[in-house]
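This report concerns only the one structure given below.
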């Protein structure tokens, strides 16, 4: 089992009174990434989102370029770029340039996107189905563009013979990871020779097992090499049971806001969602603190080790610690420190 960090700058809407500047949020983000690098994690993943204080990450390539100057060994991944927001030629070129600047440390995670809020603002005609189809057309073109002289006549994109400039440093280009959920997405990724990243969110071990089964089914139907699969999961390593309970409540609040952004029904002002009332937070049984304590990777170091051992036994190659939570920087830092010092050594 290998380990990575998944993180952004982030802020929850009912923290509007928090006057922390974006500059300080970024400084705190960099500090956490340096901890991951110094602690021996394999990779850092950071994604793409637009117009949201909830997830502040407008261009992961810019962030990764800076991280390359502030870290030494860790791989630097987009987790993920939203494929339909990028023309294939632009995505291939910017990824190759980032690979060059980082001296071959880039890994390229790609997804169709999830938030209708973003679709409405960047591509109003888009829905999840068409976004997925654009991703499936774009992704195989990247390797062809890196190889050079790629001509394409597709449903969404048409262009004459084109070569991505510059060339990536890594032979064949950066490793590509596909965010997959349904069986067709797993099959598309595996049959294309791409790695797979899965995010079970709040649905617990049952979904973690079903996602691995979909990956295994796709591998069984493919004669080529088996790609890697990464499990991305919200994680908190506590110092005692009271701390576990507190973290569960904080993550319950985070997931209530996550669900509200996903539903896209509330007013957004200055990048903040209208705050949820205490009654709304308490009435959402699906995302209650008790459910999230059960279904996320939360607990003392030994409890987290025991949970990740189960994931390892299922066949996951990498576990990515999702740090976004609405918690204070100090609580994130403490959890990450305990993960590095007390959890990771159990897997060496």
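A short reminder: the numbers here are calculations on the coordinates, not readings from a lab. Computed from a predicted model, the values in this text were never measured in an experiment. As a convention, Cβ positions derive from the backbone with ideal geometry for all residues, glycine included, and neighbour counts pool all protein chains shown.
When only alpha carbons are used to place a centre, the range 217-286 and the range 84-124 end up 23 Å from one another. With the alpha-carbon atoms of the range 253-325 aligned to their principal axes, the span from lowest to highest coordinate is 43, 23, 18 Å, starting with the largest.
Residues considered: 187, 206, 303. Largest GNM mean-square fluctuation over the chain, using C-alpha springs under 10 Å, is found at 206.
Measuring spread by the Cα atoms of the chain yields a radius of gyration and Dmax of 19.7, 61 Å. Compute the helix-to-body angle for 128-147: its Cα long axis versus the longest principal axis of the chain, expressed 0 to 90° and rounded to tens. In the chain, helix 128-147 runs at an angle near 50 degrees to the longest axis. Distance from the Cα centroid of the range 17-41 to that of the range 125-158 is 34 Å (rounded to whole angstrom). Each stretch of four or more DSSP H residues adds -39500 (n - 2.57); spread over every residue of the chain, this sum gives -14000 deg cm²/dmol at 222 nm.
Cα-based values for the range 17-129, radius of gyration first and Dmax second, are 14.9, 44 Å.
The GNM of the chain, with springs linking C-alpha atoms under 10 angstrom apart, assigns the highest mean-square fluctuation among 307, 278, 170 to 278. Helix 301-314 and the longest principal axis of the Cα set of the chain meet at an angle near 30°. Counting neighbouring beta carbons within 10 Å and listing from fewest to most, the residues 102, 78, 267 come out as 267, 102, 78.
Run the numbers for residue 266 and residue 312: contour at 0.36 nm per residue of separation, minus the present Cα-Cα distance, in nm. Before the final figure, lay out each step's value.
Values: separation 46, 0.36 × 46 = 16.56 nm, distance 3.92 nm.
Gain on extension, residue 266 to residue 312, equals 12.6 nm.
Counting only alpha carbon atoms, the long axis of helix 241-263 and the longest principal axis of the chain meet at about 50°. Contact order, relative form, for the range 2-347: 19 percent (alpha carbon pairs under 8 Å, 6 or more residues apart, mean separation divided by residue count).
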